[in-house]
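Undergrad: Have a look at this one before I ask anything.
The values are calculated or read from the model by the stated rules, or taken from the named source; none is laboratory data. Because the structure is predicted, anything quoted here is derived from the model rather than measured. Here the Cβ positions follow ideal geometry from the backbone for every residue, glycine too, while neighbour counts run over all protein chains shown.
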Amino acid sequence: MKLYHIIIVCFIVFGFKGLGASVVNGGLGLPHTKAAYTTQPGHLTTFGNLRFWTKRKTFSYEHLGIETGGTIWVVQGVWNLTYGVYDHIALSLTPILYQDTHKDQGDEIPWDTFFNAKFGHFKIEKLPVWIGLDIGFRLPTGKQHNILFEDYTAGQFEYGFGALLTYRYATLDLVDDIRVHANFGYWNYNDNGQILLEDQEDPRGFVSGNTQSFKYALGMELPTQLFTYGLECYGLAWITQPPVGGVGRENYLYLNVSFAYTSHKRFRYFLSADLRLSEAKNETEGLKFSFPDLPSKPGWRINLGMRYAILPPTIYKLRHSSLMRESVVSQL
């Protein structure tokens, strides 16, 4: 077995256990903003992402008259497989392999799974603009839900769809290459009738209708031969808000700065940082275990990731297909 094969195996097996939010994009584009392009036919990529946030917090026990300190860790490990089925279709499977829960039952290994189908790479005639459609599902493969510091979920089969748009300015020699991606989507949590709190009789945890949200992202990508730089904003606005017993029931907006390094035709390493731009709020009530005076969304998050191209099997085919796809620039 070659050295880089060993590195991949170690990353997948051990990488997610050391070091948590919106699941990152495992396909083309930025960490949270998807490109309207699709993965090329016959190409199979795997992507792993480690995400964490930590904070030192002081806790008061008024009945004992003492204070104590502790460090809060929020950790999530994600794995992704993306396959190009056809020139305009790509399929993606994203299980969350590790998730902190801050509950008595312990952490989730693994947690929920996402499945996405992207229909894209449709170019608007005479314009450097591509459009696409992304359809996504959340499969409740985990046991615990309504988890602190993460996106709201009630443990049901969720679904949604979104429009994808990519604008690309590029010179024929690709010396200047700027890509702007925009995503706008709808998400349904399919949670009508669910009870979110451990106290089954607490009315604050009862969902009286399906929760729905509007998701959006806008970002700019600057690729070079070895490095890719990215800047994006992404967020969520509720159409129908969860009840007060739901965790993460506030609107949010994040800024993400990303950096990617392509060391080999098959390898790409990622580093990105999220910074919350929205107000620090927490409107959730009735949780058995909570952190007082902390917002529902972390103020920052760090993402570390690696993508590996499994197929095509040879570097020649991988490079040739990439050059063929890049030839579309000459049509701009």
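Undergrad: Is there a residue being in contact with a Ser or Thr (Cβ under 7 Å, 6 or more places away or on another chain), closer than 28 Å to Phe291 by Cα and outside any loop (DSSP other than H, G, I, E, B) anywhere in segment 85-92?
TA: The answer is no, given that none of the residues of segment 85-92 is in contact with a Ser or Thr (Cβ under 7 Å, 6 or more places away or on another chain), closer than 28 Å to Phe291 by Cα and outside any loop (DSSP other than H, G, I, E, B).
Undergrad: In addition: Does Tyr189 qualify as being more than 16 Å from Gly29 (Cβ to Cβ) and in contact with a Ser or Thr (Cβ under 7 Å, 6 or more places away or on another chain)?
TA: Numbers: more than 16 Å from Gly29 (Cβ to Cβ): yes; in contact with a Ser or Thr (Cβ under 7 Å, 6 or more places away or on another chain): yes.
For Tyr189, the condition - more than 16 Å from Gly29 (Cβ to Cβ) and in contact with a Ser or Thr (Cβ under 7 Å, 6 or more places away or on another chain) - is met.
Undergrad: Moving on. Based on what the data block shows, is Leu164 farther than 22 Å from Ala90 by Cα and of a type outside the set (Val, Ile, Thr)?
TA: Values: farther than 22 Å from Ala90 by Cα: no; of a type outside the set (Val, Ile, Thr): yes.
Against the criterion (farther than 22 Å from Ala90 by Cα and of a type outside the set (Val, Ile, Thr)), Leu164 does not qualify.
Undergrad: Which members of segment 276-291 meet the condition of being part of a loop (DSSP other than H, G, I, E, B) and among the charged types (D, E, K, R)? Walk me through it before giving the result.
TA: Going through segment 276-291, the residues part of a loop (DSSP other than H, G, I, E, B) turn out to be 277-291.
Correct list: Glu279, Lys281, Glu283, Glu285, Lys288.
Undergrad: Can you go through Gly132, Gly106 and tell me which one is farther than 22 Å from His32 by Cβ, among the small types (Gly, Ala, Ser) and more than 18 Å from the chain's Cα centre (by Cα)? Even if it seems obvious, please write down each step before you answer.
TA: Working: Gly132 fails: farther than 22 Å from His32 by Cβ.
None of the others qualify; the one that does is Gly106.
Undergrad: If you take just the strands (runs of 3 or more DSSP E) that sit entirely in segment 206-275, which of them hold at least 2 residues that are surrounded by 16 or more Cβ atoms within 10 Å (Cβ to Cβ) and charged (D, E, K, R)?
TA: Values: elements: 212-223, 227-240, 252-261.
Once the strands (runs of 3 or more DSSP E) in segment 206-275 are filtered for at least 2 residues that are surrounded by 16 or more Cβ atoms within 10 Å (Cβ to Cβ) and charged (D, E, K, R), what remains is 212-223.
Undergrad: Related question: Looking at segment 124-145, I want the residues that are over 25 Å from Phe289 (Cα atoms) and basic (Lys, Arg) and have a partner that is at pLDDT 95 or above and not in a loop (DSSP other than H, G, I, E, B) with Cβ atoms under 8 Å, at least 6 apart or on another chain. Which pairs are those?
TA: Pairs found: Arg138/Thr113; Arg138/Phe114; Arg138/Glu158; Arg138/Tyr159.
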